[in-house]
């Protein structure tokens, strides 16, 4: 459903600081895939997500979503079919707006500029019902400003609003990395529940090898701009962390090095 | 006793007239400064732009209400240009505003053909209202109050629509807004146009009220607007949208009242910019100073 063809991307092109992240990346994401992405420092995991989301444009190559060329589509237009959750819990919600106002912005996904009321009794009921799904009692605090919520609550909300209008693709960029262990469990459970129920094709970057193995049906490992491991289904199910590290060493001819890696 | 009373009434009524007419400008500054989080200096040029356009049209026999409408459109164009310089030209917000403001100085002189235009003995919005039978003494307050109430309610309503939510999300967290499909560049241009439209409308209204337009009348607009927004916020807080726009208007009144009192106390009119600046600095630094006092008192 998502195809990256011969994608290249470099930063600071033509300067001494030129940094070629991808020179010829090819990658296909199948319908219903839940892919965890791991990789060594500077492998290009976040850049990959940002290229797909349209935060940066590619230097060369093509991006196809459901067969449509989205290479030139700006970020806000891709948002119609791509949902995103970021590492920083502060990044996915508007702090000075209330819980229901944040949800209303997400709910308006393809109609952001009309003069219809942002919130009406029907949408409010719907927001309440959706929030109750989180089990955090946020449905009783619709008019609370989001800045008063904890990081975990904000991240749960971000996940909810990112998936509210059934996106074709969900991009999770280390979305539990800034949370405490108990909250990580909560957000991971929620992530799996939403993805399984809505059958959203997902790319999840993580530094936690255990999560990468446990979650999803496919795992890719990146190194210096290329995908060095692509492990699926049955093979992934029986994978251990030791095996994974060995496989990386064989594929990349060096030890796996990620400063922030969490083994379990 | 009656002398003091009449001085007080005089102070209050002039502060109310000015607070209301400049209050529309304060609402404009509220949109950029608070909603969009964009420090927009265009207002220093769009305020006299509104005054110039109105003065030329009204002096030429044009309907004074329509003249205000044309002024507003001119202000919207000016704000839109700052927005395009910022979003498409990638010029920082502050500099984009300064560029438009500077260009507007020449444009305003071109529009008027000279540095000021008198509107004495010419039919204005105020004389039209007076002709409806409103007593002379309260004509300005009545006219401005009606205008301010209508604009405030329309602005409150706008900020509660989907468009308004997109505008607020853009100012509050542009990253989130884009990730949810909002064209944040377009929202910035729209917000700046809306804001400067109101500022120019206020300029046109003030020109009709004081009976002249002057190319230099925009100096200090941004500081006066900020003072209104900040004073209002300090006094009333910003519980919700209606409250926040109300607080900008209350701030505008209190700001004009303090100016009137300062003049009454014998300060020269030329000292007012300095006084205003000090007032804004005090308002902006109060939270920090409070923090320092708290820290030192607990340690």
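Read the figures in this text as sums done on the coordinates, not as results from a lab. Predicted, not measured: the structure shown is a model, and the values here were computed from it. Don't worry about glycine lacking a Cβ; one is built from the backbone with ideal geometry, like all the others, and counts go over all protein chains shown.
If each residue's Cβ is checked for other Cβ atoms within 10 Å, how do B:223, A:205 rank with the fewest at the top? Before the final figure, lay out the partial values.
Numbers: B:223 18, A:205 23.
The fewest-first ordering by Cβ neighbours comes to B:223, A:205.
Does anyone have the angle between helix A:151-162 and the longest principal axis of chain A? Alpha-carbon axes, 0 to 90°, nearest 10?
90
Express in whole angstrom the spacing between the alpha-carbon centres of the range B:141-165 and the range A:124-143.
Answer, in whole Å: 30.
Is it possible to state the helix-based mean residue ellipticity at 222 nm for the protein assembly as shown, with each DSSP H run of 4+ residues giving -39500 (n - 2.57), the sum divided by total residues, to the nearest 500 deg cm²/dmol? What is it? It would help to have the intermediate numbers written out before the result.
Working: 22 runs with 314 residues, N = 563.
The helix-only estimate for the protein assembly as shown comes to -18000 deg cm²/dmol at 222 nm.
What does the C-alpha gyration tensor say about the overall shape of the range B:1-93? Classify as rounded when a/c is under 1.5, otherwise prolate if a/b is larger than b/c, or oblate.
oblate
Helix A:121-132 sits at what angle to the longest principal axis of chain A, using alpha carbons and giving 0 to 90 degrees rounded to 10?
50
At a 10 Å Cβ-Cβ cut-off, how would you order A:100, A:235, fewest neighbours first?
Neighbour counts put them in this order, fewest first: A:235, A:100.
Among the DSSP beta bridges whose two residues both lie in the protein assembly as shown, what percent are antiparallel, rounded to the nearest 5? Present the calculation step by step, with values, prior to reporting the outcome.
Values: 25 of 44 bridges.
Percentage antiparallel, nearest 5: 55.
Just rank B:30, A:113, fewest to most, by other beta-carbon atoms within 10 angstrom.
Working: B:30 28, A:113 15.
Ranked by crowding around the Cβ, least crowded first: A:113, B:30.
Please sort B:192-198, B:70-76 by packing, taking for each peptide the average over its residues of neighbouring beta carbons within 10 angstrom, highest first.
Highest-to-lowest ranking by the protection proxy: B:192-198, B:70-76.
Taking the Cα centre of each part, how many Å lie between the range A:145-219 and the range B:2-45?
Using only Cα atoms to place each centre, the spacing works out to 47 Å.
Between B:238, B:44, B:17, where does the largest GNM mean-square fluctuation fall for chain B, given springs only between Cα atoms within less than 10 Å?
Residue with maximal mean-square fluctuation among B:238, B:44, B:17: B:238.
With a/c under 1.5 counting as rounded, go ahead and sort the range B:2-298 into rounded, prolate or oblate using the C-alpha gyration tensor (a ≥ b ≥ c being the square roots of the eigenvalues; past the cut-off, prolate if a/b is larger than b/c, else oblate). Please report the intermediate quantities before stating the final value.
Details: a/c = 1.59, a/b = 1.14, b/c = 1.39.
Oblate.
Hey, what angle do you get for helix A:181-198 against the long axis of chain A, alpha-carbon based, 0 to 90 degrees rounded to 10?
80
In chain A, what percentage of the DSSP-assigned beta bridges are antiparallel, given to the nearest 5?
On the way: 21 of 40 bridges.
Here the share of antiparallel DSSP bridges comes out near 50 percent.
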